[in-house]
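The values are calculated or read from the model by the stated rules, or taken from the named source; none is laboratory data. Since we're looking at a predicted model, the values are computed, not measured. Virtual Cβ from ideal backbone geometry, glycine too; neighbours counted across all protein chains shown. With ligands, DNA and RNA removed, areas are computed over all heavy atoms of the protein, side chains included. Shrake-Rupley method; radii C 1.70, N 1.55, O 1.52, S 1.80 Å.
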Amino acid sequence: MSATLEVRNLRTHFFTRAGVVKAVDDVSFSVERGQVLGLVGESGSGKSVTGFSIIGLIDPPGRLTGGSILYQGEDLAKLSERDMRHLRGNRIAMIFQDPMMTLNPVLRIDTQMTEAVHAHVKTTNADARARARDALGMVGIPSPEERLNAYPHQFSGGMRQRVAIAIALLHNPDLLIADEPTTALDVTIQAQILAEVQKLTTDHGTALIWITHDLSVIAGLADRIAVMYAGRVVETGEATDVLDHPVHPYTHGLIGSVPSRNKRGERLRQIPGMTPSLLSLPPGCAFRTRCTHATSVCEQEPPTSEPSPGHTARCFHPIEGNAP
Amino acid sequence: MFTWILRRMFQASFVLLAMTVIVFVGVHVIGNPVDILISPEADQAERAKIIAEMGLDQPLWRQYAYFLNGALHGDLGRSFVFNEPALKLIGGRMPATLELAVTAVLMSMCFGIPLGLYAGLKPNGFLGRVIMTGSILGFSLPSFWVGLMLIMVFAVQLGWLPSTGRGETAMLFGVRWSFLTWDGLRHMAMPALNLSLFNISLVLRLTRAGVRENLTMDYVKFARAKGLSPARVIFVHILKNIMIPVTTVLGLELGSTIAFAVVTESVFAWPGMGKLIIDSINVLDRPVIVAYLMMIVLMFITINLVVDILYTMLDPRVRLETKA
């Protein structure tokens, strides 16, 4: 099966006064129809910028400086803004992290939904409204007809995220980019939204990129996982491979820092230090300053190793064995 | 909503009452109108007669009581100078000031909002910078000087526009208005522009700041992610949010524009209320001062009321509630 999306050597740099921020630096991955890719990393690792690069919403001073984003074989990086707009919200959709901020506070839900219908389909207002209503019903919003007339502030956070998902799925996109859509919600709602998105995307064969910093969210959801650190993918592979047999010390650290029941009583391990400033990344492995395995060789560009087929990591000192 | 308006009116009446007390005491402290109004040659008997006619022989509290009694019957007293009812005097001058101020505020919207939108969307462009620099001039140049320069250029050098008076007027609702005739509009052009210059800069800067802020908002990014056209994003999603602060400021500015049109009215010999109040203060013509200030206070109260009601239309999160 051909990939819905194939990102090759993507580079998105921000040209600020203080210098060039290499937010995304040589990132490659692919997602197939109906597949879920988990894009994991700490804040500032470039995962959201990767998402915005795909949908073409990088604003100055940011710019795509290299690589290609192949959507069904077509390079999105080379598309005109006009052609890109026809894909956006239509074939490629995105949902954001904070549902309280995603919907325009001064416009009614029906306005915000029907305009999304009209943007891609020539149809009557009544039909657009009917589509909007059906979409709301699909994501589990009770009495959708009445709720169409409501304003965003009349919904709870979870309900707003459902509305955002309904808008994103209005045109049954081929690719959905979910940028930490459950982070701002409480745990029970998180699980509901998670299940909802998973169901809707499998129903329509939508490829899903789920961006998160929370490995526990991704564990039961993703088919493949790409772990990002300082703008690069440091480890990628099948979800089971990456989670059960992580190779990169950073992935190890991430998994080790997830609280779980069998670790009760133990001290939670954390990765020392912080993500480095992307302004002044030293050459070589960006994680070496926080890595317990680092040696002087890490000051050079780490090689890509492939411990098992389809599972790759960029590290001089890959860890063998099981997850912590 | 109805109870809310009643409540506001009740509060407003107290503001009015407090204001009249302040003016009565204030004018009393400044000086005795008798010294200014009665010719020094008048003998003792004549003086006493005039003083008694104006009611100035009574103690202040009794004068105030007379005034209140009259005010309740719609009579704010007779001008000491013109020997005409103060209300009639002000009413005769009010349309001129009103149409000037309203035109000025309309102009500041018509120029300020588009210019601000442009400067906000293209903050680094040449024209954007020119607009912002120009707005600093609008803020800081003294209004009387700009008025004189306008007269110099457009009336004296180019001879395009008349420099003084209201020009031809036409009747509407029993009042003479300049804006109904071409000649009147020509007369109004320069003073209105002069009066609006400050407000244009204000609205422009407010709009620009709003655009800059809104552009970074998630709901604008989400609107773009839906594939909406840039025009729809700017004129619906962004503009509707910007109108909230702009309405507040313009509402307040309409009041102060009316109240402080004095300078412009003097420069362009525009026969409005501003000139009248300045003269009245000079001769301590208390009934006119009181009546004028009551009008202004009423106007501010009304404008604030209208702005609050406009709010509920612009911002769905605001609902007028009776409880505080």
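General remarks:
- Residues A:Thr16 and B:Leu137, FRET efficiency given R0 of 45 Å [Cβ-Cβ distance, rounded to 0.05]: 0.90
- Rounded to the nearest 10 Å², the accessible area of A:Glu299 at probe 1.4 Å: 110 Å²
- Listed residues B:Ala209, B:Leu121, B:Thr248: farthest to the positive end of the dipole of segment B:92-272 (Cβ charges): B:Leu121
- Peptide A:171-184 - average C-beta neighbours from other chains (10 Å radius): 0
- Here r is the Cβ-Cβ distance between B:Glu84 and B:Ile309 and R0 is 56 Å; the resulting FRET efficiency, rounded to 0.05, is 0.95.
- Chain lengthening between B:Asn124 and B:Ala18 when straightened (0.36 nm per residue, less Cα-Cα): 33.1 nm
- In this simple spin-label model, placing a label point 7 Å from the Cα along the Cα-to-Cβ direction at both B:Ala45 and B:Ala170 gives a separation of 5.8 nm.
- With loop membership from DSSP and a limit of 11 other Cβ atoms within 10 Å, the longest segment of chain B without GluC sites (Glu not before Pro) is B:42-320.
- If the segment from B:Thr216 to B:Tyr64 were pulled out straight at 0.36 nm per residue, it would be longer than the present Cα-Cα gap by 49.0 nm.
- Listed by chain and number, the aspartates and glutamates placed with their C-alpha closer than 19 angstrom to that of A:Lys122 are A:Asp83, A:Asp110, A:Asp134; residues fewer than eight positions away on the same chain are left out.
- Simple Cβ-charge dipole of segment A:167-324, Lys/Arg +1 and Asp/Glu -1, about Cα centre, in debye nearest 20: 600 debye
- Hydrophobic, long helices, defined as DSSP H runs whose alpha-carbon span along the helix axis is 24 Å or greater and whose mean Kyte-Doolittle value is at least -1.0, occur in chain A at A:187-204.
- Chain B: angle of helix B:182-215 to the longest principal axis, Cα-based, in degrees nearest 10: 50 degrees
- Counting every pair of alpha carbons in segment B:20-60, the share spaced more than 11 Å apart comes to 68 percent.
- B:Leu252 paired with A:Ser156, simple spin-label distance in nm, labels 7 Å along Cα-to-beta-carbon: 3.8 nm
- Shape class of segment A:132-224 from the Cα gyration tensor (axes a ≥ b ≥ c, square roots of the eigenvalues): oblate, since a/c reaches 1.5 or more and a/b does not exceed b/c.
- With a cut-off of 15 Å between beta carbons, the residues surrounding A:Glu299 carry a summed charge of +2, where Lys and Arg count +1 and Asp and Glu -1.
- For segment B:9-162: rounded, prolate or oblate by the Cα gyration tensor [a/c cutoff 1.5]: prolate
- In segment A:115-156, the trypsin sites (Lys or Arg not before Pro) that fall in loop regions by DSSP, at most 13 other Cβ within 10 Å: A:Lys122
- Estimated Rh, segment A:106-170: Kirkwood, alpha-carbon pairs, angstrom: 11.4 Å
- Seen from A:Leu279, the other residues with C-beta closer than 12 Å to its C-beta sum to a net charge of +2, counting Lys and Arg as +1 and Asp and Glu as -1.
- Sorted from greatest to least, the principal axis extents spanned by the alpha carbons of chain A come out as 66, 49, 42 Å.
- For chain B, taking Cα atoms only, Rg and Dmax work out to 24.0, 87 Å respectively.
- Low-density loop cleavage sites - GluC sites (Glu not before Pro) in segment A:28-114, where at most 14 other Cβ are within 10 Å (DSSP): none
- Loop-resident sites, segment A:186-267, for trypsin sites (Lys or Arg not before Pro), counting at most 11 other Cβ within 10 Å (DSSP): A:Arg264, A:Arg267
- Longest site-free stretch - chain B; sites: chymotrypsin sites (Phe, Trp or Tyr not before Pro), DSSP loop, at most 11 other Cβ within 10 Å: B:1-159
- Choice from B:Leu254, B:Leu72, B:Leu193 with maximal GNM fluctuation in chain B (Cα, 10 Å cutoff): B:Leu72
- For segment B:108-120, backbone phi angles converted through the Karplus equation (6.51, -1.76, 1.60; θ = phi - 60°) give residue-by-residue couplings of 5, 6, 5, 8, x, 5, x, 4, x, 4, 4, 5, x Hz, Gly and Pro being listed as x.
- Heavy-atom accessible area per residue - chain A, 1.4 Å, Å²: 44 Å²
- Environment charge of B:Met54, counting only residues whose C-beta is closer than 12 Å and scoring Lys/Arg +1, Asp/Glu -1: +1
- 22 Å Cα-Cα reach of A:Lys22 towards lysines, excluding residues that sit fewer than 8 places from it in its own chain: A:Lys47, A:Lys78, B:Lys221
- The distance from the alpha carbon centre of segment B:1-38 to that of segment B:157-221 is 31 Å, rounded to a whole number.
- Quotient of Cα Rg and 2.2 N^0.38 Å for the protein assembly as shown, N being how many residues it contains: 1.35
- Using a simple spin-label model with pseudo-atoms 7 Å out from Cα toward Cβ, A:Ser280 and A:Arg33 lie 5.0 nm apart.
- A:Ile177 long-range amide H proximity, modeled H, under 5 Å: A:Ala93, A:Met94, A:Ile95, A:Ile209
- Debye log10 I(q)/I(0) for segment B:92-272, one point scatterer per Cα, at q = 0.12, 0.20 Å⁻¹: -0.63, -1.24
- Whole-Hz ³J(HN,Hα) from phi, Karplus 6.51 cos²θ - 1.76 cosθ + 1.60, for segment B:67-79, glycine and proline x: 4, 4, 4, x, 4, 5, 9, x, 10, 9, x, 9, 4
- Among A:Met94, A:Asn149, A:Asn322 - extreme Cα towards positive end, dipole of chain A, charges at beta-carbon: A:Asn149
- Against chain B, whose longest principal axis comes from its Cα atoms, helix B:286-314 is set at around 20 degrees.
- Angle between chain B longest axis and helix B:44-54 axis [Cα atoms, degrees, rounded to 10]: 40 degrees
- For B:Lys88, the lysines whose Cα comes closer than 23 Å to its Cα, not counting residues fewer than 8 places off in the same chain, are B:Lys275.
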